[in-house]
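In what follows, a single structure is set out as structure tokens and then discussed.
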Amino acid sequence: MEQNKVKPMGELKKEDFGSPVFLGRTIAAPGKALRVRTEAIPQGTVLHRCHDARYPGDSFNPGKILLPNEYGARFSPIRDAALNLIPTMYLASSCEAAIAESVFHDVVATGKTEFFDLRPFSTMHYIQLRLERDLNVVSCRAQDCIYLGIDRDELIGSTRLEYSQTRAWSQAIYQQHPNVDGMKWYSKRNDDHFALILFGGQRVRENELSIAQPSSRLFNNKALGQIIQKTAERLGLILTEE
């Protein structure tokens, strides 16, 4: 009896795997007349930032055109009505929140003790900046988000899969409210303190932020190292460098 022969499959093509499936949530798009509630952050306030060592700590991120495989950030990059990229800067009200929003930003809740690799953050720097004028920012507290037209969990609790949708909201806020300097929310990873994004360019200028404490390597600072350790313990993580 002739044995059955297996026909070679050949090289698989993209269409052999079917159509891509979006695994995130669908978030409502912003309207054309957003209502916002704003609050002031007073002149003299010291804010905290963890930043890439390749760029000065008091400079705004100029933004970039994202590639198809890039998620970007929750509220940046964004554009103005003429499609120009808007510089942005993420800051926090404490070093704890700045670390939570950078080093521990992508930690996933598993209910188990996990190892956390610090190597990707080995070149990160930390700086303190002082406001040289009052800032007018959109409040993203739960009730204020409802007033805005979106649930807080959708705006602040979203994952990177949904960032293209949350960016639509920050872009709409920027374009519709020329008196707004940024957005403020309570950190997803440390809600004892707030985080914010500032809109640069014609809104907040670099000379309106002065250096309160110069930039230094994050892991060279003993006090910051203790905060990283305590944050990891609270999150149930074991720090490693391997």
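The set of residues from the range 100-123 being under 18 Å from Y55 (Cβ atoms), outside any loop (DSSP other than H, G, I, E, B) and of a type in the set (A, V, I, L, M, F, W, C) comprises just one member, F121.
In this structure, is F219 at pLDDT 90 or above, hydrophobic (A, V, I, L, M, F, W, C) and surrounded by 13 or more Cβ atoms within 10 Å (Cβ to Cβ)? Lay out the reasoning, then the answer.
On the way: at pLDDT 90 or above: no; hydrophobic (A, V, I, L, M, F, W, C): yes; surrounded by 13 or more Cβ atoms within 10 Å (Cβ to Cβ): yes.
So F219 does not fit the description; no.
Residues considered: C140, C145. Of these, the only one that is modelled with pLDDT of 95 or more and farther than 24 Å from E208 by Cα is C145. Here are the criteria: (1) touching a Lys or Arg at 6+ places or on another chain (Cβ under 9 Å); (2) of a type outside the set (D, E); (3) surrounded by fewer than 13 Cβ atoms within 10 Å (Cβ to Cβ); (4) assigned to a loop (DSSP other than H, G, I, E, B). Tell me which single one Q143 does not satisfy. Result: Q143 fails condition (4) only.
Residues of the range 123-175 being touching a Gly at 6+ places or on another chain (Cβ under 7 Å) and not hydroxyl-bearing (S, T, Y), which ones? Those that are touching a Gly at 6+ places or on another chain (Cβ under 7 Å) and not hydroxyl-bearing (S, T, Y): H125, I127, R130, L131, L135, V137, G149, L161, E162, R167. Once the range 184-216 is narrowed to residues that are charged (D, E, K, R) and loosely packed, with under 15 Cβ neighbours inside 10 Å, the residue that is modelled with the highest pLDDT is R205. Can V103 be described as among the aliphatic types (A, V, I, L, M), surrounded by 17 or more Cβ atoms within 10 Å (Cβ to Cβ) and closer than 25 Å to R203 by Cα? No: the conditions fail for V103.
Out of the residues in the range 105-159 that are out of contact with any strand residue (DSSP E or B) (no Cβ under 9 Å at 6 or more places or on another chain) and acidic (D, E), state the one that is nearest to I227 (Cα to Cα). My answer is D106. Of the residues making up the range 165-172, none is of a type in the set (K, R), surrounded by 21 or more Cβ atoms within 10 Å (Cβ to Cβ), under 15 Å from S76 (Cα atoms) and within 13 Å of the chain's Cα centre (by Cα).
One line per residue, one yes/no per condition, for (1) of a type in the set (A, V, I, L, M); (2) under 16 Å from M183 (Cα atoms):
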residue: L47; (1), (2): yes, yes
residue: D52; (1), (2): no, no
residue: P56; (1), (2): no, no
residue: K64; (1), (2): no, no
residue: L67; (1), (2): yes, no
residue: R74; (1), (2): no, yes
residue: L83; (1), (2): yes, no
residue: S94; (1), (2): no, no
residue: F104; (1), (2): no, no
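Name the residues in the range 197-242 that are among the charged types (D, E, K, R) and assigned to a loop (DSSP other than H, G, I, E, B), would you?
We begin by selecting, within the range 197-242, every residue among the charged types (D, E, K, R); these are 203, 205-206, 208, 217, 222, 230, 233-234, 241-242.
Correct list: R203, R205, E241, E242.
The residue list D151, D117 contains one member that is closer than 24 Å to T38 by Cβ and over 16 Å from the mean Cα position of the chain (by Cα), which is D151. Filtering E154, E162 for residues that are part of a helix (DSSP H, G or I), among the acidic types (D, E), in contact (Cβ under 8 Å) with a residue 24 or more places away in the chain and surrounded by 19 or more Cβ atoms within 10 Å (Cβ to Cβ) leaves a single hit, E162. Could you check how many residues of the range 72-99 are surrounded by fewer than 17 Cβ atoms within 10 Å (Cβ to Cβ) and in a loop (DSSP other than H, G, I, E, B)? Here the count works out to 5.
Among the residues of the range 129-139, is there at least one that is free of Cβ contacts under 8 Å to residues at least 60 places away in the same chain, surrounded by fewer than 21 Cβ atoms within 10 Å (Cβ to Cβ) and of a type outside the set (S, T, N, Q)? No, the range 129-139 contains no residue that is free of Cβ contacts under 8 Å to residues at least 60 places away in the same chain, surrounded by fewer than 21 Cβ atoms within 10 Å (Cβ to Cβ) and of a type outside the set (S, T, N, Q).
The values are calculated or read from the model by the stated rules, or taken from the named source; none is laboratory data. Keep in mind that what you see is a predicted model, and the values were worked out from it rather than measured. Methodologically, a virtual Cβ is constructed for each residue, glycine included, from the backbone with ideal geometry; neighbour enumeration extends over all protein chains shown.
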